[in-house]
Amino acid sequence: MNDDRVLEVDNLQVSFSLGGGQTLRAVKGVSFHIGRGETLALVGESGSGKSVTAMTIMRLAEYDGARLAGGSIRMRLAGGEVVDLARLPQKRMQSVRGSDISMVFQDPMASLNPVFSIGFQIGEAIMRHQGKSAAEARTIALNALKLVRVPEAEKRLDQYPHHLSGGMRQRVMIAMALCCRPSLMILDEPTTALDVTIQAQILDLVRALQREIGMSVLFITHDMGVVAEMADRICVMLKGEIVETGTVYEVFETPLHAYTRSLLAAVPRLGSMADKDEPERFPLVELRDDPGLAGTRDAVRVEAVPA
Ligand SMILES: Nc1ncnc2c1ncn2[C@@H]1O[C@H](COP(=O)(O)OP(=O)(O)OP(=O)(O)O)[C@@H](O)[C@H]1O
Ligand SMILES: [Mg+2]
């Protein structure tokens, strides 16, 4: 693996058994790499396999019934050793998840435990993965909350997830993910559920943190506006495959695939908001399954997202 790379995914294949002998191939031979300090955006319609790809890199997908049917996931660990995560025993994966890669999941409420305080949840991960005492873990947790600009951080440590707003919970998730100073952070739609102002704050925060601690980021989204703002390179996924890849500049300038073009067509043009009072959400883009429509504009349905 090239010295300047942190992750190299090659021909990744993931499937689910649906019962009755049926198999769903959710990821069909996906390949991409992420450089040191680089942000790669993984974009694509709902169900195209973005989360399954991310959960497979974390080796969490198999707990959800996924089968890793082929391919490799080479990762450079903190010590410099390159390992294939696809073949690592779960016991070692636990330490990789605690110290080399961390993930902010699509739904923060599902990944925070409602019955434990914020301080306990961040602290527990630190004690487990870094062998710190409870008091040390509390200090690290406090600093992590300050790092992600959570106001009144000290007070928050003793609060429970339901005390926090959506944006604040998302910051707590990012703080947790940062505690291990990962070389790679995966963010799965970290801002989709948030209003545009909070969304912008979270994105600013991720960028600032990335500069501060120099980590690589795999950013999953279907919002091309977010891609333009955050990413260096982009991979466009469609039905379990990567159909287009390049630098953000290349893909925005000369999109080759009809689906990418339709995604970009949905991005508002400069000036188109002139007579609107408030920011609007990006429309949803959906590809129709009719083979007769392939490559035409009608192959794509663009729908406004209700506010
Ligand atoms: N546990 C599971 N069992 C069976 N099928 C699953 C499971 N998890 C995901 N899938 C299927 O795998 C495919 C890819 O799903 P995935 O969650 O990766 O989509 P996605 O690109 O993240 O979509 P979204 O943008 O909606 O989050 C979908 O067809 C989904 O229904
Ligand atoms: Mg998803």
Which members of segment 39-64 meet the condition of being modelled with pLDDT under 95, more than 16 Å from residue 97 (Cα to Cα) and assigned to a loop (DSSP other than H, G, I, E, B)?
45, 46, 47, 48
All positions within segment 226-261 that are within 16 Å of ligand 1 (Cβ to nearest atom) and of a type in the set (Gly, Ala, Ser):
240
Can you find a residue that is within 16 Å of ligand 1 (Cβ to nearest atom), in contact (Cβ under 8 Å) with a residue 60 or more places away in the chain, assigned by TED's automatic domain parsing to the domain that holds residue 48 and surrounded by fewer than 18 Cβ atoms within 10 Å (Cβ to Cβ) anywhere in segment 212-224?
no
Residues satisfying the stated conditions in segment 43-67, i.e. within 8 Å of ligand 1 (Cβ to nearest atom) and not hydrophobic (A, V, I, L, M, F, W, C)
44, 45, 46, 47, 48, 49, 50, 51, 53, 64, 65
Exactly one condition in (1) assigned by TED's automatic domain parsing to the domain that holds residue 187; (2) under 20 Å from the mean Cα position of the chain (by Cα) is not met by residue 105; state its number.
(1)
What tally of residues in segment 100-110 results from selecting those that are surrounded by fewer than 18 Cβ atoms within 10 Å (Cβ to Cβ) and at pLDDT 85 or above?
0
So if I check each of 39, 56, which one is in contact with a Ser or Thr (Cβ under 9 Å, 6 or more places away or on another chain), of a type in the set (Val, Ile, Thr) and assigned by TED's automatic domain parsing to the domain that holds residue 232?
39
Subset of segment 225-241, residues farther than 24 Å from residue 14 by Cβ, away from ligand 2 (no atom under 16 Å from the Cβ) and under 14 Å from the mean Cα position of the chain (by Cα), comes to 230
If you go through segment 187-206 one residue at a time, how many are over 13 Å from residue 230 (Cα atoms) and either among the charged types (D, E, K, R) or assigned to a strand (DSSP E or B) (or both)?
2
Unique match (being in a strand (DSSP E or B) and either more than 16 Å from ligand 1 (Cβ to nearest atom) or over 20 Å from the mean Cα position of the chain (by Cα) (or both)) among 17, 95:
17
Which listed residue is in contact with an Asp or Glu (Cβ under 8 Å, 6 or more places away or on another chain) and on the phi > 0 side of the Ramachandran plot, from 21, 29, 80
29
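The values are calculated or read from the model by the stated rules, or taken from the named source; none is laboratory data. Just so it is clear, the model here is predicted, and its values are computed rather than measured. Counting neighbours? That spans all protein chains shown, and the Cβs are built from the backbone with ideal geometry, glycine included.
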